[in-house]
Structures are given as C-alpha cells and as structure tokens.
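Participant: Take this structure first; my questions come after.
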Amino acid sequence: MEKSPFEQFEELRIDAAAKSFLGEAAKWTTFLSILGYIGIGFMVLASVALFAVGSSLSMGPMRGGIWMGIFTWLWPRFILFRSTCCISFHPI
C-alpha cells in the first residue's frame, strides 16, 4: 500500500524562504490573537456593566446571550494562540 505525500514527512522539504514566511506568519497570528484577547476583555467589561444596568431593568434571556457571545469570540482566539505557540516552539 502506497503512502500519501502527507504521510511521508521524510520527503517534505522546506527551504529558507518558506521558513521565513512561516516565522512571519507566526508573529502575525500571535499579534492578532492577543488583540482578540484584548477585545474579549472589553467584552467582559461591557457585560459586567450591562449586568449592573440590567439588574435594575428586566433583561431576561439577554444575560446568557452575552456570555455565549464572549465564548464564541474566545474559542477561536484560544485555538489561534495555541497554534501560534506550536509554530514558534517547534521550528521547522
């Protein structure tokens, strides 16, 4: 049975230019993921402010929606940051 090119990692060759491009991409993904975390911090602060204001009003199901929105923004940023760490700690 013949292996696919993706399973034959000993045949995968990356030149210096590709390594340079991957290193630059890792820096940008780290920067963008950190900006995402900062944005999530602002979302958490806004949700706390809305909870304070919403306690005097009847907001109902909106409370759960805010946290679901924050989680929806948090999960992709976490995966992006984790993959960036893998790229930078395991040089090709």
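Coordinate-derived values only; no laboratory data. Because the structure is predicted, anything quoted here is derived from the model rather than measured. In this analysis, Cβ positions are derived from the backbone assuming ideal geometry, glycine residues included, and neighbour counts consider all displayed protein chains.
Participant: Based on other C-beta atoms within 10 Å, arrange ARG13, ARG77, ARG82 from fewest to most.
Facilitator: Going from least to most buried by this count: ARG13, ARG82, ARG77.
Participant: LEU32 to TRP75: extension gain in nm, 0.36 nm per residue of separation minus the Cα-Cα distance?
Facilitator: 14.1 nm
Participant: Under a crude label model (7 Å from the Cα following the beta-carbon direction), how far is ILE14 from ALA49 in nanometres?
Facilitator: A separation of 4.2 nm, rounded to one decimal place.
Participant: With a 10 Å Cβ neighbour count serving as the proxy for reagent exposure, in which order, fewest first, do THR72, THR29, THR84 appear?
Facilitator: In order of increasing Cβ crowding within 10 Å: THR72, THR29, THR84.
Participant: Neighbouring Cβ atoms within 10 Å as the yardstick, rank SER83, SER20, SER33 fewest first.
Facilitator: In increasing order of surrounding Cβ atoms, one gets SER20, SER83, SER33.
Participant: Here's something else I'd like to know. Spelling out what I want: for every residue of region 34-45, take phi, set θ = phi - 60°, compute 6.51 cos²θ - 1.76 cosθ + 1.60 (Karplus), and round to whole Hz; glycine and proline get x.
Facilitator: Taking θ as phi minus 60°, the curve returns 5, 4, x, 5, 5, x, 5, x, 5, 5, 5, 4 Hz for region 34-45.
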